[in-house]
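Shown next, in structure tokens, is the structure this report addresses.
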Amino acid sequence: MIVVHVFAHVKPEHVRAFREATAENARNSVQEPGVARFDVIQEKDNLTRFVLVEVYRTPEARSLHKETQHYQVWRDTVAPMMAEPRTSIEYSNVFPSDEDW
């Protein structure tokens with residue numbers, strides 16, 4: 001599995017709209033066969049900071065996700081809401097691994 005943390009810093013006036021757009025994207029993303037999990041979390045002490053925790057079954061699933069209409073709508077919708085460009089870090093899960101299932 002591939003685990004991706006996407007870090008988003010949103011302009012304060014766009015927090016509500018970002019939450020709504022991102023929740024819609026997450027609802028659609030978890031319907032994709034290659035997506036094992038898709039969490040949206042918000043920092044408690046700074047409500048303008050979010051992390052998307054995306055878990056893909058295969059590396060190809062991440063690429064396929066970026067080709068979906070719902071992702072592209074989300075990307076274009078939230079772009080002007082960003083206080084700074086989004087960043088991401090890709091991880092490989094150690095436990096549980098495929099052998100542990």
* Taking into account only those residues within the range 44-67 that are of a type in the set (A, V, I, L, M) and closer than 14 Å to R19 by Cα, which is surrounded by the most Cβ atoms within 10 Å (Cβ to Cβ)? -> L52
* **Subset of the range 10-43 [in contact with a Leu (Cβ under 8 Å, 6 or more places away or on another chain) and surrounded by 14 or more Cβ atoms within 10 Å (Cβ to Cβ)]** => V15, T22, A26, E32, G34, F38, V40
* Candidate set: the range 26-61, residues that are assigned to a loop (DSSP other than H, G, I, E, B) and of a type in the set (V, I, T); chosen: the one farthest from V94 (Cα to Cα) -> T48
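Sort through A17, A23, A8 and tell me the only one that's assigned to a helix (DSSP H, G or I) and in contact (Cβ under 8 Å) with a residue 40 or more places away in the chain.
Values: A23 fails: in contact (Cβ under 8 Å) with a residue 40 or more places away in the chain; A8 fails: assigned to a helix (DSSP H, G or I).
Going through A17, A23, A8 in turn, the sole match is A17.
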* Could you please let me know if V15 is in contact with a Ser or Thr (Cβ under 9 Å, 6 or more places away or on another chain), more than 13 Å from M1 (Cβ to Cβ) and at pLDDT 95 or above? => yes
* Structure fact -> L64 fails exactly one of (1) in contact (Cβ under 8 Å) with a residue 12 or more places away in the chain; (2) in a loop (DSSP other than H, G, I, E, B), namely (2)
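The values are calculated or read from the model by the stated rules, or taken from the named source; none is laboratory data. Keep in mind that this is a model prediction, so the values were computed, not measured. Backbone-built Cβ (ideal geometry, glycine too); neighbour counts: all protein chains shown.
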